[in-house]
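Below: the structure, in structure tokens.
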Amino acid sequence: MTDPLFSRPTDTVVRVALPVPIDSLFSYAVPESLVDRALPGCRVLVPFSGRKLTGLIVEPALADALEEHTGPADATAPPLRALQVLDHEPVMSPSMMALLCEAAEEVLCPVGLALVAALPAGSAPRVVNHFEITPRGREALRSGAARGPTREVLVVLEHAPARAPEVSRTVQSAGALLEALCADGLARRGDALRGPAARTARDRFARLAEGVDVEAACAGPLARASKQAALLRALAEGGERPTRVLLEQVGTGSATLRALVERGLAETRQREVPRNVLGPPVERDVPLALTDEQARALSAIQAGIEAREARVWLLHGVTGSGKTEVYLRAVQAALERGRQALVLVPEITLTHQILARLRARFGDTLAVLHSGLRPGERLEQWQRLREGKTPIAVGARSALFAPLDDLGVIIIDEEHDGAYKNEEGFRYHARRLAERRAAHAGCPLVLGSATPSLETRYRAETGEIERLVLPRRIGGRPLPRVEIVDLEAERRHAARGRKLILSRPLRRALIQTLEGGGQSILFLNRRGFSTQIFCFDCGFAERCGSCDVALVYHAADHCLRCHYCDFQKPPPEQCGGCGRPDTALLGTGTERLEEEVRSLLPAARLARLDRDTARRRGHVESVLTGLRAGEIDVLIGTQMVAKGHDFPGVRLVGVVAADLGLHMPDFRAAERCFQLLTQVAGRAGRAAIPGRVVLQTFVPDHYAIRPVREHDYESFYAEETRYRDALHFPPFGRITQVTVSGENDETTRKAAEALATAARAQLPGGGQPGRCEVMGPAPAALPRLRDRYRHQLLVKGRDADLVRACSRHISRAARRLPRGIGAVVDVDPINML
């Protein structure tokens, strides 16, 4: 039987990108009735491997550029199946498709995954599977042959096709019976299009019907209907408005409005009403005078906007130097020229602050895009941008795909942050993709940071991009004084048997700050109460059964939790190894730190901000607002509190474990440590009173920690680049990390070895250290996650073309791995674990 979703095809053929892990486009025939709507950038519904998928028509002009991906289109090659067009106009511009295809090629991602990832999740119509009655089933009903539960099910299906859960609401345990009816030919499986999972908010509005003489109506047919007359006059005076607002204002019910509609005096209709995701109103600000350094930086950026130059600037400014004001002025320059602006921040928590600054300057003519929004809210914001209702988009990494067709400037704040790298599927880096988008749009890209990534700083040093420097804080305020505390020396003075969490200098500083009316931030990049439950008798530690990591104790929920797969279990009454009751909580997390601070400062108002507390919707914004308003004395948090925030009342920042993460098996560990410490230190002393930082560490002389005392980025940069250069790591070389995973360790290891052997065979002489080499495989730093064993190999070298060719060969070979073995090829990885 012909599929009702598809019409008879014509000779018109289009190439479609699908969200499947196959690096190819697919040819489909276009029904004659849909030829005019089958435009590049439109979503389509197509049959694929026994299911129906939503894909995107690719612009014909891209066919040549994608020849190596797709092969030549062949309109006569059977079988070509027909498609259904879902959109009345394209949802993606040719420019966006082109840059996404380029980016997919660069990071070795199937082009369909890249293109579909750029559209709002849940925005396309859905295919819903259902059961429907057959002609034979109808005959069984008419003849009376169907009886009992069979008849009840067929009656439901005769009324309308339905899903199994819908049938089960009427007929108990209908699932097995539906399968039997299909086997007997009385019912069959089908599918139908339904609306998107993401729904925009709608409301019913009322308005005066066209041509109505209000006074004549009130004197005539409504002479004895006073409530209807009052409602009609309210419509005439106030115009169209939501029905609930109208009825509340007049003090009447919906029956009164229905009566007016039945008389032809009023009309009602459904309208989209975007939800408020911006928050309460923000008071408009008055721009402050720029410093000389700010003015020089802005002048250069404005010149690029005026000339429509796709130039890249690094805005390198110490914490509190006024980078955000330069961003705002750059946005203003773009708007004044009738163009648009895109502002990215690394995390949702930073969206609230930059959003408030933008609203204070430009009002609410902006849209916000990030994963913290509900699907419908995100779709509403995306539609506002697509329809041209606002010229400014702000958000986290995925806001880079905002539908803006005349960009005047792109700004990436905290450009060094690892959150800009997408770690699954389409593994793009927002910084690199933004540079491509700026090139397509002909607009400047501004990369802002107090601690630029080594790659960005090196590009500025070599003249590839221009560096603009803001070396001082606004108003001549000093950078905070940093005190480095040697924890090894502190342990010698600690009371015997007492766990050292807060050193004597940090305890004194907390007490002094509270007594002086100031606020404090305590930073510990580890959530939970303790890192593990450990037995001192036999050495047994409670570990996750699916991941090779220790379980973390969370006091608030009284449970052990895996931070990778979220497995949870109650704390044991005795050791799981030897059965003794004497187990200990080792390590310190934010929950344990909170308990310690409450003991030290019982009168202080405390708040905690980490991933556990951030799960509650609105909690992050509430805490940050409270801190800014002076309602919190001590904020305890993970890296959520470390970056970009401006809290004038914070006088003290305490870093509880500065070297946490410093010794991770990752060549970027020292860079991350220095950046994080410098950023969190920068939260102190941003108002008139100088700030203070107390930094606790076991390695006070480490080159990533020592420069933090003087806020000396250049000293750290010089030393770290020497190590990177000697080992051919970025920015002096390129790397690709390949992670092979499977349920059996030995099979997984052999698959990884096969990939490494095949890759070396492609390199001159099997690989040359320095130029290009394949290292490994070896067990990953986290050798088992979610019940899968993991082995890694690394392609590394200064010859970028050779590294890329070798990586591409591995990517192709990985598709031929045995069933059950997966491989992730990560070009320019950020996370090496």
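Suppose we keep just the DSSP beta bridges with both residues in the chain; what percent of those would be antiparallel, to 5? Display every interim value, and only then the final one.
On the way: 69 of 119 bridges.
The antiparallel proportion sits near 60 percent.
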> Ignoring ligands and nucleic acids, what accessible area does Y717 show with a 1.4 Å probe (Å², nearest 10)?
Replying inline: 10
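Please arrange L193, L83 by accessible surface area, largest first, computed with a 1.4 Å probe and ligands excluded.
L193, L83
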> In what order, largest first, do S299, S24 sit by accessible area if the probe radius is 1.4 Å?
Replying inline: S299, S24
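For L222, what is the net charge nearby, where nearby means another residue's Cβ is under 11 Å from its Cβ and Lys, Arg count +1, Asp, Glu -1? Walk me through the numbers before you get to the answer.
Values: positive: R224, K227, R233, R263; negative: E215.
Net charge in that neighbourhood comes out at +3.
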>> Taking loop as defined by DSSP and a crowding limit of 13 other beta carbons within 10 Å, which GluC sites (Glu not before Pro) in the range 115-221 fit?
In response: E210
> Over the heavy atoms of M97, what accessible area does a 1.4 Å probe trace out, to the nearest 10 Å²?
Replying inline: 0
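Can you count the Lys pairs in the chain with C-alpha separation below 25 Å, eight or more apart or on different chains? Each step should come with its number before you reach the end.
Details: K323/K421; K323/K643; K421/K643; K421/K796; K750/K796.
Going through the chain pair by pair, I get 5.
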> If one takes the longest principal axis of the Cα atoms in the chain, at what angle in degrees, from 0 to 90 and to the nearest 10, does the Cα axis of helix 619-628 lie?
Replying inline: 50
>> Please list log₁₀ I(q)/I(0) at q = 0.15, 0.27 Å⁻¹ for the range 646-699, using the Debye equation with identical point scatterers on the alpha-carbon positions.
In response: -0.46, -0.99
> Could you list, bin by bin from short to long, the percent of Cα-Cα pairs of the range 296-351 in 5 Å steps?
Replying inline: 4, 16, 26, 27, 15, 9, 1
> How many nm separate the modelled label positions at A629 and R598, each set 7 Å beyond the Cα in the direction of the Cβ?
Replying inline: 2.3
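Report the net charge of residues surrounding F732, where surrounding means a beta-carbon distance below 11 angstrom and charges are Lys +1, Arg +1, Asp -1, Glu -1.
On the way: positive: R722, R724, R734, K796, R798; negative: E455, D725.
My count for the surroundings of F732 gives +3.
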> Angle between the Cα long axis of helix 504-515 and the longest principal axis of the chain, 0 to 90 degrees, nearest 10?
Replying inline: 60
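With an 8 Å cut-off on Cα pairs and a minimum separation of 6 or more residues, tell me the relative contact order of the chain in percent.
On the way: 1602 pairs, mean separation 73.8, N = 833.
Once divided by the residue count of the chain, the mean separation gives 9 percent.
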>> At R0 = 22 Å, how high is the FRET efficiency between A307 and T462 if r is their beta carbon distance? Nearest 0.05 is fine.
In response: 0.40
> Going by a ≥ b ≥ c, the root eigenvalues of the Cα gyration tensor, does the range 347-483 fall in the rounded group (a/c under 1.5), the prolate group (a/b larger than b/c) or the oblate group?
Replying inline: prolate
>> Can you compute the FRET efficiency between R481 and E743 using 1/(1 + (r/R0)^6), with r the Cβ-Cβ distance and R0 = 41 Å? Round to the nearest 0.05.
In response: 0.15
> Just how far, in whole angstrom, is the range 268-327 from the range 657-722 if you go by their alpha carbon centroids?
Replying inline: 28
>> Need the C-alpha centroid separation for the range 725-799 versus the range 220-240, integer Å.
In response: 77
> Using the Cβ atoms and a cut-off under 12 Å, what net charge is assigned to the surroundings of M664, where Lys and Arg are +1 and Asp and Glu are -1?
Replying inline: -1
> Can you give the accessible area of F674 in Å² (nearest 10), computed on protein heavy atoms with a 1.4 Å probe?
Replying inline: 0
> With each label point set 7 Å from Cα along the Cα-Cβ vector, what nm distance links N831 and L288?
Replying inline: 3.7
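Among Y564, Y28, what's the order by accessible area (1.4 angstrom probe), most exposed first? Provide the component values of the computation, followed by the final result.
Numbers: Y564 95, Y28 15 Å².
Highest to lowest solvent-accessible surface, that is Y564, Y28.
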> Which FRET efficiency value, to the nearest 0.05, is calculated for A192 and R263 with the Förster distance at 30 angstrom and r the Cβ-Cβ distance?
Replying inline: 0.20
>> Tell me whether the range 729-777 comes out rounded, prolate or oblate; compute the Cα gyration tensor, take square roots of the eigenvalues as a ≥ b ≥ c, and use a/c under 1.5 as the rounded threshold.
In response: oblate
> Angle between the Cα long axis of helix 800-814 and the longest principal axis of the chain, 0 to 90 degrees, nearest 10?
Replying inline: 50
> Round to a whole number: what % of the accessible area of the chain belongs to carbon and sulfur, probe 1.4 Å?
Replying inline: 49
> Under a 1.4 Å probe, what is the accessible area of the range 184-307 per residue, stated in Å²?
Replying inline: 60
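The values are calculated or read from the model by the stated rules, or taken from the named source; none is laboratory data. Everything numeric in this text was worked out from a predicted model, so none of it was measured. Backbone-built Cβ (ideal geometry, glycine too); neighbour counts: all protein chains shown. Accessible surface is based on the protein model in full, side chains and every heavy atom, while ligands, DNA and RNA are left aside. Shrake-Rupley method; radii C 1.70, N 1.55, O 1.52, S 1.80 Å.
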